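Everything on this sheet refers to the single structure shown next.
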Amino acid sequence: MAKRVTRKVSDETKRKMSAAHKGRKNGMWKRKHSVTTKLMISEALRRYWQHLPKI
């Protein structure tokens, strides 16, 4: 898995990004994940966090 790289984002940019994905503009607007999808996401995140090096 690739190392996560983050960039500093200004508060104004954060507000713009938040507004751009609210309500009907959100890709999951009025949708829900199925039970199987939730389990797949949970398992993938569990594997990801187990393999990170402990600092």
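Please treat every number below as a calculation from the coordinates, not as lab data. Since this is a predicted model, take the numbers as computed values, not measurements. Note: ideal-geometry Cβ built from the backbone for every residue, glycine included; neighbour counts use all protein chains shown.
Brief remarks on what is shown
- The set of residues in region 5-40 being among the basic types (Lys, Arg) and either surrounded by fewer than 10 Cβ atoms within 10 Å (Cβ to Cβ) or part of a loop (DSSP other than H, G, I, E, B) (or both) consists of 7, 8, 22, 24, 25, 30, 31, 32.
- Condition met for residue 43 (of a type in the set (Asp, Glu), on the phi < 0 side of the Ramachandran plot and surrounded by fewer than 10 Cβ atoms within 10 Å (Cβ to Cβ)): no
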